[in-house]
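K.L.:
If you scroll down you'll find the structure; I have some questions about it.
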Amino acid sequence: MTHEPDIVSRINALFGQLRDAEQKIARVILEDIEFASHASISELALRAEVSEATITRFARAVDCKNVRDLKLRLAQSLAVGQRFYTETPAEPAGLHAVYEAVKSALDHNARLVTDEVVEPAVDALAEARQILIFGVGGGSTVLAQECQYRLFRLGFTASAYSDPMLMRMAAAAVDTTDVVIVLSAGGYSPDVQEAAEIAQEYGAEVVAVTTEGSPLAAAADYLVPIEPIETDYIFKPSASRYVMMAAIDVLVMELAVRHKRKSRETLRRIKHTLDNHKQGDDRLPLGD
């Protein structure tokens, strides 16, 4: 997998070094990337009020091989999403808008996590010798750790991995009594998917908390589906992590109920130890 240079950032960075005519082209491109990615040389030259030869010189000035390469890179940048290039539409103002977005996402996803999808996954997890949790990125890394913390409090042997190489190593060390939980809000996570497939090769079963219809979902033995709800307002944090956390909580709670005696005793020990340490109220959250 190779990294494609960000042509938009390149144009912005080089803008001050461009000739006047080339700066006209840069302005036209940055104001309407969609037009620039599809326009012919003559159309682009006409809108920028420059010659066609200047378009060719501009392409080379921003480190593209030719105009075709420039248009290809613009199209690739545009694939990120128009909402990152245009003025973001207004969202409901006020602090409570964040809470409302989280509530809306949770309400939408509550109907997806049914007994029919949860019970088979819990059956597999309940009999596991150990549970490995794989997740990468800003959201799934944290939630993989959270999942580990939830599980060990119930007496289950669990380990979270977010480093791609360590995930592969851990996946290669499993056996048929192990279960892997894979996390991804969107379901397009090549490192996680490949680690899951390695674990399956050695006999482990895979439970995915991800989007239905995604590549990661297709690679799993059991799917607990989630549906991230994203808007065009790019400045609001994604509510998808709350959705994933809720799905994890459902799995963990069902596991705890399945092994009430073991879970209760482990939780009691942890609570006893923490209360002695903190000298706090009995109703403080377990683990803080």
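The values are calculated or read from the model by the stated rules, or taken from the named source; none is laboratory data. Quick caveat, the model's predicted, so the values are computed rather than measured. Positions of Cβ are backbone-derived with ideal geometry, glycine not excepted, and every protein chain shown enters the neighbour counts. Side chains are part of the model used for accessible areas, which takes the heavy atoms of the whole protein and leaves out ligands, DNA and RNA. Shrake-Rupley method; radii C 1.70, N 1.55, O 1.52, S 1.80 Å.
K.L.:
Any idea which of 62, 67 is at pLDDT 75 or above and in contact with a Lys or Arg (Cβ under 8 Å, 6 or more places away or on another chain)?
P.N.:
Of the residues listed, the single one that is at pLDDT 75 or above and in contact with a Lys or Arg (Cβ under 8 Å, 6 or more places away or on another chain) is 62.
K.L.:
Which residues, taken from the stretch 1-16, are farther than 14 Å from residue 70 by Cα and without any contact (Cβ under 8 Å) to a residue 12 or more places away in the chain?
P.N.:
Those that are farther than 14 Å from residue 70 by Cα and without any contact (Cβ under 8 Å) to a residue 12 or more places away in the chain: 2, 3, 13, 15, 16.
K.L.:
Something else: Might you let me know whether the stretch 138-149 holds any residue that is within 26 Å of residue 286 (Cα to Cα), modelled with pLDDT of 95 or more, aliphatic (A, V, I, L, M) and touching an Asp or Glu at 6+ places or on another chain (Cβ under 7 Å)?
P.N.:
Checked against the condition, which is being within 26 Å of residue 286 (Cα to Cα), modelled with pLDDT of 95 or more, aliphatic (A, V, I, L, M) and touching an Asp or Glu at 6+ places or on another chain (Cβ under 7 Å), the stretch 138-149 yields no hits at all.
K.L.:
Among the listed residues 195, 239, 218, which satisfies the condition of being touching a helix residue (DSSP H, G or I) at 6+ places or on another chain (Cβ under 8 Å), within 15 Å of residue 181 (Cα to Cα) and surrounded by 12 or more Cβ atoms within 10 Å (Cβ to Cβ)?
P.N.:
On the way: 239 fails: within 15 Å of residue 181 (Cα to Cα); 218 fails: touching a helix residue (DSSP H, G or I) at 6+ places or on another chain (Cβ under 8 Å).
Going through 195, 239, 218 in turn, the sole match is 195.
K.L.:
Continuing with the same structure: Just to be sure before I move on: is residue 23 at pLDDT 90 or above and open to solvent by less than 40 Å² (accessible area, probe 1.4 Å) in the structure I sent?
P.N.:
yes
K.L.:
Please go through the stretch 159-169 and give me each residue that is among the hydrophobic types (A, V, I, L, M, F, W, C) and surrounded by fewer than 22 Cβ atoms within 10 Å (Cβ to Cβ), ordered by number.
P.N.:
165, 166, 169
K.L.:
Let me ask something else. Within the stretch 206-225, can you find the residues that are touching a residue at least 40 places away in the same chain (Cβ under 8 Å) and within 17 Å of residue 174 (Cα to Cα)?
P.N.:
Of everything in the stretch 206-225, those that are touching a residue at least 40 places away in the same chain (Cβ under 8 Å) and within 17 Å of residue 174 (Cα to Cα) turn out to be 207, 221.
K.L.:
Please find, among 230, 205, the residue that is open to solvent by 50 Å² or more (accessible area, probe 1.4 Å) and farther than 30 Å from residue 285 by Cβ.
P.N.:
Of 230, 205, the one residue that is open to solvent by 50 Å² or more (accessible area, probe 1.4 Å) and farther than 30 Å from residue 285 by Cβ is 205.
K.L.:
Of the conditions (1) open to solvent by less than 20 Å² (accessible area, probe 1.4 Å); (2) modelled with pLDDT under 95, residue 174 clears all except one; give me its number.
P.N.:
Checking residue 174 against (1) open to solvent by less than 20 Å² (accessible area, probe 1.4 Å); (2) modelled with pLDDT under 95, the one that fails is (2).
K.L.:
Going through the stretch 117-171 one residue at a time, which ones are of a type in the set (Phe, Trp, Tyr) and part of a helix (DSSP H, G or I)?
P.N.:
Of the residues in the stretch 117-171, the ones of a type in the set (Phe, Trp, Tyr) are 134, 149, 152, 156, 161.
Hits for the stretch 117-171 are 149, 152.
K.L.:
Oh, and also: Please go through (1) open to solvent by 90 Å² or more (accessible area, probe 1.4 Å); (2) in a helix (DSSP H, G or I) for residue 65 and return the number of the only condition it doesn't satisfy.
P.N.:
Single failed check for residue 65: (2).
K.L.:
Pairs under 9 Å by beta carbon, first residue at pLDDT below 80 in the stretch 266-288, partner of a type in the set (Lys, Arg) and exposed (fewer than 11 other Cβ atoms within 10 Å of the Cβ), six or more apart or different chains?
P.N.:
Close Cβ pairs (under 9 Å, with a partner that is of a type in the set (Lys, Arg) and exposed (fewer than 11 other Cβ atoms within 10 Å of the Cβ)) amount to 284/278; 288/278.
K.L.:
Here is a follow-up. When the stretch 4-42 is examined, which residues are found to be under 11 Å from residue 73 (Cβ atoms) and of a type in the set (A, V, I, L, M)?
P.N.:
7, 8, 11, 29, 33, 36
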